[in-house]
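Q: Take this structure, written in structure tokens, and hold onto it; I'll ask about it next.
The values are calculated or read from the model by the stated rules, or taken from the named source; none is laboratory data. Predicted model, so just to flag it, every value in this text is computed and none were measured. Neighbour counts are summed over all protein chains in view; Cβ atoms, including those assigned to glycine, are modelled from backbone coordinates with ideal geometry. Note: accessible area is taken over every heavy atom of the protein model, side chains too, but ligands, DNA and RNA are not part of it. Shrake-Rupley method; radii C 1.70, N 1.55, O 1.52, S 1.80 Å.
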Amino acid sequence: MKKRIISLCLLLSLTALQLAGIPAAAKPFTAEEQQILEQSLSIQEIDREIERIETRQQETEQSLRELQGQLIEKNEQIRVSREQAGFRLRAYYMGERENLLYALLSVNSLKDFFTVLDYYQLIMDRDRTILNHYKAEYTELTRTKQKLDNTSTELARMKEELQLQRSRVAALQQSVDESLGLSSDPEKLKALIQELTAYWENVGLYELRKYFQALSSAMSQFPDFLQQNKNSLVAEKGGYRLEIREEELNAFLYSKSELLKDMSFRFEKDKIIAQGSREGLELEVEGHYTVEQEPENSIVFHVDRLLFNGLALPDTTRAELERDFDLGFYPKKIVPFVEATDAAISVGTLTVKLKLTL
């Protein structure tokens, strides 16, 4: 219920802005407007990244406290296990086990022999269990210490990143304030900033993520591409060559999502560009592919440039989309026993070299 009320208020705010004669759709901006709107949008997006880092930092600090508690507990457990293991080892060196062995060899009947043997075996099994338990506790202690070190390192990195992003926001805000102060029409710029903020929060970000979700879903079905384009895979010495032409990629993506029919995809030298528009929203994505080996052999897409209604979004937004949506594809899902070695983009074509891994 609370979410519905918030959504309604946001919608009414956006509607009020539109009724006031400030269109939310893309339109040509002056150089001054372009700069200040991009900076304002960057402030908003970096603020979102700061919130994400702060949340992640709080979670990491909690994990750190839990690991520290586990380390104390593991140290106590290993102390007890070490004492028990030491007692068993001393027993061996002090001859107690030799006495048992002597008793085993001194019995006068087969029945007594097997009775002593069973008793001896029980003791040996118990000793082995204690020693193995000590070994397992020590291994777990080592693992917990490593987790603690990794978490501490990650927390320190987050604090540095948080400070960096806060400095970026402060510098951008100062630049915006100075631009407003020097502007011949500061009220117009303020109105544009308010409009952009409302539109981005209520529509833009949601639509952007929806497009990326559609792309990610389509690329997860990329093995179907060969079913539609059997001639794209060409055998050559030592493996294959996968040639993906832009008209074939467009047809494939359109077959997977109605939403993607609003976009066009084209290959230029060393980059792929996707452009589309719908209901006042214009989107342009520019990126490239690289071959990655970890966590598995894959062709990974990197977002190099992202425009929303003609305004460039910051690196934090690009990184978030790369993190949240997988736009790459996995050669082994296309052809078993191969792995990608190279991905090159030329005008109209993406070429992927695949080598056999038998």
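Q: Taking 0.36 nm per residue of separation and subtracting the Cα-Cα distance, what length does fully extending Arg278 through Arg52 add? Could the numbers behind the result be given before it?
A: Numbers: separation 226, 0.36 × 226 = 81.36 nm, distance 2.90 nm.
Contour length minus the Cα-Cα distance gives 78.5 nm.
Q: HN-Hα J couplings of the stretch 51-63 from phi, Karplus 6.51/-1.76/1.60, θ = phi - 60°, integer Hz, Gly and Pro as x?
A: 4, 5, 5, 4, 5, 5, 5, 4, 5, 5, 4, 5, 4
Q: With θ set to phi - 60° and the Karplus curve 6.51 cos²θ - 1.76 cosθ + 1.60, what are the ³J(HN,Hα) couplings of the stretch 327-343 in order, to the nearest whole Hz, using x for Gly and Pro?
A: Per-residue couplings from phi come out as 9, x, 9, 10, x, 5, 7, 8, 9, x, 6, 10, 9, 6, 10, 7, 9 Hz.
Q: At 1.4 Å probe size, put Val203, Val338 in order of accessible surface, largest to smallest. Could the numbers behind the result be given before it?
A: On the way: Val203 40, Val338 0 Å².
So the residues, ranked largest to smallest area, are Val203, Val338.
Q: Still on this structure, please answer the following. What does the accessible area of Glu32 come to, in Å² to the nearest 10, when a probe of 1.4 Å is used?
A: That residue has around 80 Å² of solvent-accessible surface.
Q: Next question. Once the other residues with Cβ under 11 Å from the Cβ of Glu161 are scored (Lys, Arg +1; Asp, Glu -1), what is the net sum?
A: +2
Q: May I pose another question? Going 7 Å from the Cα of Ala171 along its beta-carbon direction, which residues of the stretch 180-197 have the amide nitrogen within less than 19 Å of the resulting point?
A: Inside the label zone: 180.
Q: Also, I was wondering about something else. Beyond a 30 Å Cα-Cα separation, which of these cross-linked pairs lie in this structure: Lys190/Lys256; Lys256/Lys332; Lys210/Lys332?
A: Lys190/Lys256
Q: Also, I was wondering about something else. What does the charge count near Ser175 come to, summing +1 for each Lys or Arg and -1 for each Asp or Glu among other residues with Cβ under 11 Å from its Cβ? Provide the component values of the computation, followed by the final result.
A: Numbers: positive: Arg168; negative: Glu38, Asp177, Glu178.
Residues close to Ser175 contribute a combined charge of -2.
Q: Moving on to the next point. Can you give the extra length, in nm with one decimal, that the chain gains between Thr341 and Arg143 once fully stretched, where that is 0.36 nm per residue apart less the Cα-Cα distance? Present the calculation step by step, with values, prior to reporting the outcome.
A: Values: separation 198, 0.36 × 198 = 71.28 nm, distance 3.47 nm.
Value of the extension gain: 67.8 nm.
Q: Follow-up question, since we're still on this one. Using the Cβ atoms and a cut-off under 9 Å, what net charge is assigned to the surroundings of Arg318, where Lys and Arg are +1 and Asp and Glu are -1? Before the final figure, lay out the partial values.
A: Details: positive: Arg305; negative: Asp304, Asp315, Glu320, Glu322.
With Lys, Arg at +1 and Asp, Glu at -1, the net is -3.
Q: What residues of the stretch 306-341 lie in the reach of a label at Glu236, counting those whose backbone N is under 19 Å from a point 7 Å from the Cα along Cα→Cβ?
A: 331-332, 334-341
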